[in-house]
Amino acid sequence: MKTHTLFFSPTQTGATIAKTVQNALETEAGESFDITKTAIEKTFGADDVVIIAMPIYSGRLPPIGAERFNAARGNGAKAVAITMRGNANTGDALLELTDLCTEQGFEVIAAATFIGEHSFTMKEFPIAVGRPDAADLQKAADFAQLIQERLHTEGPLAPPAVPGTRPYKDAMNPPGTAATGTNPENCTRCGLCQTFCPTGAITLTADGPQTDDSKCIWCAACVKVCTSHARAFTLPKIKEIAERLYQTCQTRQKPEWFLAQKGN
Ligand SMILES: Cc1cc2nc3c(=O)[nH]c(=O)nc-3n(C[C@H](O)[C@H](O)[C@H](O)COP(=O)(O)O)c2cc1C
């Protein structure tokens, strides 16, 4: 049995948790399918376990993440569905991810929500900074032990009962306005923002990076990879949201998991 990871993870917190779970399992390590920048056509099989991670955007999956995941087919593979939250609301995202897994032919044996540094974190409004931290990674390893037990359970398993309701809450509208901009004085033209943008919204020109309003999904990948701190949130609305979250979401939230149960 091989365990793979598959993730849409613009700021890498989901990728970190998926890989930690993979490493803690006593199965042969398989491949990493990073669908952050592009969909990957892949059909798994009954001998595969796939650790799937996606962020929560406004209580749902990011539409482009769900769309890219659609190129994967389970074909009887076991799935572990993980959503990442920035210490705020979880909404219906985990239910949405487990539903997609089932529709695409995976058998969901476990599901979880872990916490990652909120994409909108800024110096004046820190939210879940540095997470997943050492305690979260330990939790991911603990979760892996429970998954391991499920892999050895004989007979059919009833799917995990995850939080969320159908029909799901409305997904975030495509923003239509870029959230980030570049301070030309700090920009070194390294191009990392262009390389890491999941939607190809950034083009490095002679005048520095230019952002396509229609493609930006506000994910913060460009902000987090910018080593010269030239790239930052410039849209006032993001600052308002970050301030509100800073005021309301400081209590440390813990990872939660939901396991498939032995059926009758
Ligand atoms: C547009 C947008 C909406 C978000 N909405 C939520 C949310 O509803 N609840 C929450 O807890 N975190 C929310 N977050 C924070 C991310 O889910 C969190 O930072 C996550 O760890 C990012 O995952 P990644 O590092 O794998 O990209 C949002 C982030 C973005 C960019």
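Per-structure values
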| quantity | calculated |
| --- | --- |
| Carbon plus sulfur fraction of accessible area for the chain, probe 1.4 Å, in percent | 50 percent |
| Unit charges at the beta carbon, dipole of the stretch 120-264: most positive-side option, Thr195, Asn173, Ser214 | Asn173 |
| Most mobile of Ala179, Ala46, Ala134 in a GNM of the chain (Cα contacts under 10 Å) | Ala134 |
| Pairs of Cα atoms farther than 18 Å apart, the stretch 180-234, % | 15 percent |
| Total formal charge among the other residues, if their Cβ is under 14 angstrom from that of Lys262, Lys/Arg +1 and Asp/Glu -1 | -2 |
| Kirkwood Rh and Cα Rg combined as Rg/Rh, the stretch 114-264 | 1.08 |
| Candidate lysines - alpha carbon under 24 Å from Lys224, same-chain residues fewer than 8 apart omitted | Lys19, Lys37, Lys123, Lys215, Lys237, Lys239, Lys254 |
| Within the chain, longest stretch free of exposed GluC sites (Glu not before Pro) [DSSP loop, at most 16 other beta carbons within 10 Å] | 42-123 |
| Alpha-carbon Debye profile of the stretch 9-103, log10 I(q)/I(0) at 0.18 Å⁻¹ | -0.81 |
| Cβ-based net charge around Met172, under 13 Å, with every Lys or Arg adding one and every Asp or Glu removing one | 0 |
| Pairwise label distance in nanometres, Thr195 with Asn75, each label 7 Å out on the Cα-Cβ vector | 3.3 nm |
| Å² of accessible area per residue within the stretch 180-234, as computed with a 1.4 Å probe and no ligands counted | 51 Å² |
| Cα Rg, Dmax (largest Cα-Cα span) when computed across the stretch 76-152, Å | 14.5, 48 |
| For the chain, convex hull volume per residue from C-alpha positions, Å³ | 125 Å³ |
| Acute angle (nearest 10 degrees) that the helix 236-248 long axis makes with the longest principal axis of the chain, alpha-carbon atoms | 50 degrees |
| Accessible area per residue in Å² at 1.4 Å probe, computed on the stretch 1-92 | 36 Å² |
| Point-to-point label distance, Gln250-Thr234, nm (Cα→Cβ direction, 7 Å offset) | 3.1 nm |
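The values are calculated or read from the model by the stated rules, or taken from the named source; none is laboratory data. Just so you know, these numbers come straight off a predicted model, no measurement behind them. With ideal geometry, Cβ positions are generated from the backbone for all residues, glycine too; neighbour counts draw on all protein chains shown. With ligands, DNA and RNA removed, areas are computed over all heavy atoms of the protein, side chains included. Shrake-Rupley method; radii C 1.70, N 1.55, O 1.52, S 1.80 Å.
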